[in-house]
Structures are given as structure tokens and as C-alpha cells.
1. What tally of residues in segment 60-82 results from selecting those that are under 20 Å from residue 102 (Cβ atoms) and part of a loop (DSSP other than H, G, I, E, B)?
2. Looking at (1) touching a helix residue (DSSP H, G or I) at 6+ places or on another chain (Cβ under 8 Å); (2) of a type in the set (Gly, Ala, Ser); (3) assigned by TED's automatic domain parsing to the domain that holds residue 386, can you tell me which one residue 342 breaks?
3. Mind checking which residues of segment 151-168 are over 21 Å from residue 242 (Cβ atoms) and either part of a loop (DSSP other than H, G, I, E, B) or open to solvent by less than 10 Å² (accessible area, probe 1.4 Å) (or both)?
4. Considering only segment 276-287, I want to know if a residue exists there that is in contact (Cβ under 8 Å) with a residue 12 or more places away in the chain, more than 28 Å from residue 173 (Cβ to Cβ), in the same structural domain as residue 175 (by TED's automatic domain parsing) and part of a strand (DSSP E or B).
5. Tell me, which residue of segment 65-99 that is closer than 20 Å to residue 114 by Cβ and of a type in the set (Lys, Arg) is most open to solvent (accessible area, probe 1.4 Å)?
6. When segment 220-238 is examined, which residues are found to be in contact with a Pro (Cβ under 7 Å, 6 or more places away or on another chain) and farther than 22 Å from residue 103 by Cβ?
7. Kindly list the number of the only condition in (1) over 30 Å from residue 296 (Cβ atoms); (2) open to solvent by less than 30 Å² (accessible area, probe 1.4 Å); (3) in contact with a Gly (Cβ under 8 Å, 6 or more places away or on another chain) that fails for residue 375.
Amino acid sequence: MDQDPQFQKSRRGFLGGLGATAAGLSLAQTGSARSATKPDPVITEIQDWNRYLGDGVAANPYGKPSKFEKNVVRRDVEWLTASRESSVNFTPLHALDGIITPNGLCFERHHGGSPEIDPSKHRLMINGLVDKPLVFSMDDLKRFPGRVNKVFFLECAANGGMEWKGAQLNGCQFTHGMVHNVMYTGIPLKVLLDEAGVKTNGKWVMPEGADSSAMTRSIPIEKAMQDCLVVWGMNGEALRQEQGYPLRIVVPGWEGNMWVKWLRRIEVGDQPWHHREETSKYTDLLADGRSRRFTWIMDAKSVVTNPSPQAPLTQKGPNVLSGLAWSGRGTIRRVDVTIDGGKNWQTARIDGPVLPMSLTRFYVDINWDGREMLIQSRAMDETGYVQPTKDELRKVRGLNSIYHNNGIQTWLVRSNGETENVEIS
């Protein structure tokens, strides 16, 4: 992994080669069988897109990706759940770069399908242990002072859940794709609670969804007042229907099932409600039969997205290893990467915005000579927490849980570039 003189020499040669002809670069740097002196028809011949007019500005009133990006889509695992109305699909992390997830690629998790709600008929009620119960229309909320824009990751507690007992799903999209990262637009929940006036014995809040499952979760009042948001926008436009349109709650750094979508009511109480989604679901069953409850925070985690099973290496020589890291406890401070299964580690280069409770992008430049690699990444956050191995997690938690798996992921890159999900920890 060290950038030795040979690597530096190769890198200089690679960059210098950019001034050469395309055919010469293909032969020397990409392993093409074409002769360096043979003309490249992509350059020497006029292509159709040079000959004819393209689409006008009204062809796509709402923009969409190029047809050549047809495989960059959310995918589900059909056998994973009994019903697609109460199921999940996955963000194609291997096909993305930077830290912001496009709205159309953010993973979905529903408990009763995605309802179609007319925003003019949608209301948000605040009731319970408050001085003044309130009901807001969407227009009311959007006129309220204190609007903010914040970037946060949202991760399902079951992200990586299939991997507890060993390597299962062969794709970064499927092992880690229940996470996305967007900029939310809305108002702090504290503003609305202060308007209603929380009584002195109000210690918990319970957001409730307007979908057929009526999703509910208990949130401590301290968290509600600290940084929770009530939002109607993501990445500069309205929430997508599958992301809670027209209104959802944002609970930064905490498990995604608490981010109740299609938000219609927030009740203030003096104790947690212990509803289904926080008793029979979203608890961690330990080896001795006890359950860990209220394990809200998503601990530091990382994954190499390229190379990975859906993004194998295709060329020897200079390559860019890329990945994502995040922590529900704050900011990512460092990411280490190994290509030999943990024998040697190198600190990755972090690039782009580094924000608390947000996805963070990291890179390592490698010069691959065709040897097999065992690739791992290990994240550290501002609290000093270090991402554990899967064995370290199992020693504490056993094998019964499906939630909060933040163990180190391993990819085996074979000599032909094919990559698969394996486990060595």
C-alpha cells in the first residue's frame, strides 16, 4: 500500500501519457490489444451525435439520467421479506461518488407501502403533555421562522444485518446500501415544541406516521430538543413520496426507523410507549436471551465501495480505491485501509465536506499489479471510537441480532479483478 518510488514513477508515466494519442494510451495504460499506430475510429470518424441535433430543452421537463447509466438503480432482494409493501431496497453505493445521494437513488424502507398524500390535506398535530395542543398545515410549517438546511446520513438499523453470521450478499449495494446522505430542509422540532409548550413532566415524544402501518417510535425529549428536524425538502426539492412526502422527522445519527415518514402527529409523554417497533422489532437479542433496547445511535462504520463485487477492477496499474465512512456520534476523523487483510494499514485521504453525522468520502491511490487483495477499511470518529471487527462484535453481542452491524467489511479482489464478499475476522 505504501506509495513507493516505483508507484510514483508509474503515476508520473500515467499522467504524462495523457498527452499521447488515445490509441497509444489505450495500448500502454489500459491493456488494449489495438496497435498504437492503428487509428481509433472513435476519434477519426464522425459520430451520430456530431451529425444531428439533440433533444430540445423541453424534451424532459424533469431531468433524468442518461440511458447509458441504466444500471445505476435501487435494487431489492425479493426473497428477503414476505411482502414488498413491508420491505427494503438498496442504494447503489458502488456507482456513486462524493457524499450526496441523488434523491432517486436513496434506499427505501416501508412498513406498509408508500402512501400518496395530498399535501393540501395533510396536517401535523402536536398533543399530549403540552400547554397548547397545535395543528399545522404544510403552509403553516413553511411560514414558520427558523428554517434550516442540514446534511445528515440516514441508516437503517438492519444495514448489514444479513452478514452477522458470515458473508452472505455479494455486493456493496446489498451489504451496506441501506444508507443515504442528503441535505434536508425544514425547521427544528424544538421550535414547534416550544410553541406548544412542553409541560415539566414531558420527557418523551412519539412521532406517528400517516401510512397504513402508523409507524411510531419513542424519542427522549433531550434528543428532540437538541437536533431533531421536521422537514419537507431534500437536496433542494420536495421530499420524494418514498422518503415521506410531504413531511418527515429527522433524528440525526440515530437509527433510521426513528425518522418517521409521512409525519402526522407528535405526542409528548412522561415515559416511552414501548410500541411494536421498539419491542418485538429494533431490539438486539443477545446470546443469553436478553435484549438490548433503545440502541439508537449508529456507531462508526465504513465500507470500500470501489472495488467491490459490483464494481470489480478492470485494469492493472493505477487505480483509485474509494469508500464511505460515517458515525452517529459526530465527525469522522480518520479512515485506515488495508489491501492485505489487516497486516498493514494506510491512512486514507479524506476529501470533500467533512460534516458531523454525514457520509464522508475517502480515497487511496493504488498501483495494482494483478495480485490478489483482501481490502478492508476502518473508521474512527471524533469521540475516539474505532470501528470493530465482526469477531469483536460477536464476542459482545452473539449471533442472534440483525441490527447495528458496524463490523469491518472484507472484499477479496482476485487476480482477474473480480471481487467478492468474504470474511477473515
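1. Count: 12.
2. (1)
3. 160, 163, 164, 165, 166, 167, 168, listed by residue number.
4. So far as segment 276-287 goes, no, none of its residues is in contact (Cβ under 8 Å) with a residue 12 or more places away in the chain, more than 28 Å from residue 173 (Cβ to Cβ), in the same structural domain as residue 175 (by TED's automatic domain parsing) and part of a strand (DSSP E or B).
5. Only one residue tops the list, namely 84.
6. Answer for segment 220-238, where residues must be in contact with a Pro (Cβ under 7 Å, 6 or more places away or on another chain) and farther than 22 Å from residue 103 by Cβ: just 227.
7. Here residue 375 clears every test but (3).
Each row is one residue, and each column tells you yes or no for (1) open to solvent by 80 Å² or more (accessible area, probe 1.4 Å); (2) free of Cβ contacts under 8 Å to residues at least 12 places away in the same chain; (3) assigned to a strand (DSSP E or B); (4) closer than 25 Å to residue 299 by Cα.
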position	(1), (2), (3), (4)
149	yes, no, yes, yes
170	yes, no, no, yes
191	no, no, no, no
194	yes, yes, no, no
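The values are calculated or read from the model by the stated rules, or taken from the named source; none is laboratory data. In this text, all values refer to a predicted model and were calculated from it rather than measured experimentally. Methodologically, a virtual Cβ is constructed for each residue, glycine included, from the backbone with ideal geometry; neighbour enumeration extends over all protein chains shown. Each accessible area value is taken on the protein alone, full model and side chains, heavy atoms only, with ligands, DNA and RNA left out. Shrake-Rupley method; radii C 1.70, N 1.55, O 1.52, S 1.80 Å.
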